[in-house]
Amino acid sequence: GAGVSQSPRYKVAKRGQDVALRCDPISGHVSLFWYQQALGQGPEFLTYFQNEAQLDKSGLPSDRFFAERPEGSVSTLKIQRTQQEDSAVYLCASSQNREGNLYEQYFGPGTRLTVT
Amino acid sequence: GQNIDQPTEMTATEGAIVQINCTYQTSGFNGLFWYQQHAGEAPTFLSYNVLDGLEEKGRFSSFLSRSKGYSYLLLKELQMKDSASYLCVATDSWGKLQFGAGTQVVVTP
């Protein structure tokens, strides 16, 4: 079946522009996670949804970052007034996870954002 | 604070065995994943330990000691395609993942 998909795969933005990154999780997966991965580093947690509820947004680096999952399926990560330090790969992952019942997370291919 | 430590790079020859050690100190610990990530690609799941002991899965094995905050990933019969970054990942009860920086394994002929 289809895996996690993300679009666009590559995005170049001028400093100050707003960007929107999309994630289509595996159908039926309850949990959805966003991560930011800088070059040569492991992914860093940004935010977590269980269905449409955003249960943890402690990893969002600033109030310029906003994520939503209004119908509990597709999610969008929006970055306003992009800065050069926002340049990274943004990974989305989904899992069947419910509290106390853990499943592996399946990752999408990522969106590579370059801010110039 | 929360911390996951693993070596930056390891080199081994084809057919050999390599062991990647990981120590962790995280809050709400509920289990330890290992993921493989090839350059420019998404991480893919290798193994998951929630109880102490060894989990074997083909050429890959993973070990966990919760009391010591320690895990290792053992790669046997190395192949060229095993050249990749290996990520040690701690998870809490919500499934939130905390990643180490990754160990780059270089397999030489």
Filtering the stretch A:17-60 down to residues that are assigned to a loop (DSSP other than H, G, I, E, B) and of a type in the set (A, V, I, L, M, F, W, C) yields A:Ile26, A:Val30, A:Ala38, A:Leu39, A:Leu60
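Would it be correct to say that B:Trp94 is open to solvent by less than 10 Å² (accessible area, probe 1.4 Å) and within 13 Å of chain A (Cβ to nearest Cβ)?
no
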Search result, residues across the stretch B:71-91 that are open to solvent by less than 10 Å² (accessible area, probe 1.4 Å) and touching a Cys at 6+ places or on another chain (Cβ under 7 Å): B:Ser71, B:Cys88
State yes or no: is A:Thr47 polar (S, T, N, Q), more than 26 Å from B:Tyr48 (Cα to Cα) and either open to solvent by less than 80 Å² (accessible area, probe 1.4 Å) or more than 14 Å from chain B (Cβ to nearest Cβ) (or both)? no
Would you be able to tell me the number of residues in the stretch B:9-37 that are touching a strand residue (DSSP E or B) at 6+ places or on another chain (Cβ under 7 Å), open to solvent by 60 Å² or more (accessible area, probe 1.4 Å) and either at pLDDT below 95 or of a type in the set (Lys, Arg) (or both)? 1
Flagged in the stretch A:1-16 as loosely packed, with under 15 Cβ neighbours inside 10 Å and assigned to a loop (DSSP other than H, G, I, E, B), in numbering order, are A:Gly1, A:Ala2, A:Gly3, A:Pro8, A:Arg9, A:Lys14, A:Arg15, A:Gly16
Contact list please: Cβ distance under 7 Å, first residue in the stretch B:65-86 and on the phi < 0 side of the Ramachandran plot, second residue surrounded by fewer than 17 Cβ atoms within 10 Å (Cβ to Cβ) and of a type in the set (Asp, Glu), pairs at least six apart or on different chains. B:Ser65/B:Asp52; B:Arg66/B:Asp52; B:Leu78/B:Glu14; B:Gln79/B:Glu14; B:Met80/B:Glu14
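The values are calculated or read from the model by the stated rules, or taken from the named source; none is laboratory data. Computed from a prediction, not measured in an experiment: that's the story for all the values here. For neighbour counting, all protein chains shown are included, and Cβ atoms are generated from backbone atoms with ideal geometry for every residue, glycine included. Calculation scope for accessible area: heavy atoms of the full protein, side chains included, ligands and nucleic acids excluded. Shrake-Rupley method; radii C 1.70, N 1.55, O 1.52, S 1.80 Å.
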